[in-house]
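Quick note: the coordinates plus some simple rules give every number you see, no bench work behind them. Bear in mind the structure is a predicted one, so any value in this text is a computation, not a measurement. Positions of Cβ are generated from backbone atoms using ideal geometry, with glycine treated the same way; all protein chains shown enter the neighbour counts.
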Amino acid sequence: MPSGAPRDPRAGGNPPLDPVLGAEMAAEDEDLYYRGARGDEEWIRFRRPWGFGARTLLVLVTLAIMLGGGYLAVNGWVQRQLDPPGDPSGEVSVEIPSGAGVGEIARMLADQGVVPNSIVTRLAWRNEDIQAGEYVMAQNMSVNEALEVLDEGPLPPPFISVTIPEGLWVSEIFERLIDGLPEFDVGELTRALYSGTIRSKYQPEGVNNLEGMLFGETYHIDQAQAGDEAALVGRLVAQFDKVAMEVGYDNVEYIFGGALTPYQVIVIASIIEGEASRDEDRPKVARVIYNRINTGMSLGMDATVLYALGERKADLTLRDLDIDSPYNTRKFPGIPPGPISSPGRKSLEAALNPAVGDWLYFVLQERDGTLFFSESYEEFLHASDDARRRGVF
């Protein structure tokens, strides 16, 4: 072996010198050298591969990078399903059926493009309680935006409005309902109004006609009730009972000492409705009616004659005034057998709370409906002539 050549590390003895650094090699580095394949004494430096610990660390770092990248990719995808890029657009009508679960609702919204993904939406809403009904939403909404719309509740069902003015006869209400609700059947509506199957709490036994028992106001009728005649008539009667109870008709016997029944006071209220157009005149008309009853006079109200005729007209003839009907209060004394119209709240109140006064007469004084009240027949005639000269009637 040439002088100064590195020692074969397998031969024993002193540690060899690093041929590059000229220093002795550490014992653990001795295997970095091997004899050349040419068979001479020359040695070549060789770096030993990484040990087990280094390789394990490399694997772990690689897995961490892969998992971290996968997490970021999955998280980004989930976020896009929760809140897709872009703004909501368009208008989508969504009908959520009764009993639908969150999963079914999420699939429905995803199918219509409201939310991107049904599974992510279902997981996000797993604890939500969503009402059935119709909703107006948009496409490309975030899951939170869609939930806000659903939390507000469904749209009110489409409805038809029917206005029943105060003071109408039941026959006139019949015509309004038939005209306003084409789905209504004439026969079914007739039975609902006249058969006695639907009744007011103030309606006496033996009286089946709902005259005066149908409260006049605007009613909103949804599609489900548009073809149900009995249900709507029941609503009109229930509203009348509600208003009558509120103004005190449960206390009629106490108020009048048992002299009048609630039904009779409703009859008086219906006459007030037919005779007075201004609220301030209604309590005075009520007082005239009670004063005439107390003095034994006939009521002499034109509104009752019109009801007996079944015709609304501006002028009554002598023949009209002589019609043979118990509703003709010019011919027959006392309170008519039933209401002559549907009284409103103010007339119902006036019949229970008449004004204080000794009036026995009243006549139209102005075209705005103002009435003139008097205690004497002479004053009544004078006021009537004056109003006629001025063209009031």
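Remark: M108, M245 ranked as M245, M108, counting other beta-carbon atoms within 10 Å and listing the fewest first. About its Cα centre, segment 159-247 has a charge dipole of approximately 260 debye under the convention of +1 per Lys or Arg Cβ and -1 per Asp or Glu Cβ, with nothing else charged. A convex hull fitted around the alpha carbon atoms of segment 89-151 yields 67 Å³ per residue. In the distance distribution for segment 252-389, Cα-Cα pairs more than 22 Å apart total 34 percent.
Bridgeable lysines around K242 (alpha carbons under 30 Å apart, same-chain partners fewer than 8 residues away excluded): K201, K284, K346.
Net charge in the neighbourhood of V305 (other residues with Cβ under 14 Å of its Cβ; Lys, Arg +1, Asp, Glu -1) is -2. Each Lys or Arg adds one and each Asp or Glu subtracts one; over the other residues with Cβ under 13 Å from the Cβ of N208, this totals 0. Think of each Lys and Arg Cβ as +1 and each Asp and Glu Cβ as -1; about the Cα centre, that makes the dipole of segment 252-389 roughly 260 debye.
When the charge dipole of segment 167-247 is built from unit charges on Cβ atoms (+1 for Lys and Arg, -1 for Asp and Glu) and taken about the Cα centre, the candidate among P204, V233, G216 whose Cα reaches farthest toward its positive end is P204. Computed from backbone phi, the HN-Hα couplings of segment 281-292 come to 8, 5, x, 6, 4, 4, 5, 4, 4, 5, 5, 5 Hz, rounded to whole numbers (Karplus: 6.51 cos²θ - 1.76 cosθ + 1.60, θ = phi - 60°; Gly and Pro given as x). Applying Stokes-Einstein at 4 °C and 1.567 mPa s to the Kirkwood radius of segment 159-247, computed over alpha-carbon pairs, gives a translational diffusion coefficient of 99 µm² s⁻¹. Ranking of R278, R199 by neighbouring Cβ atoms within 10 Å, starting from the fewest: R278, R199.
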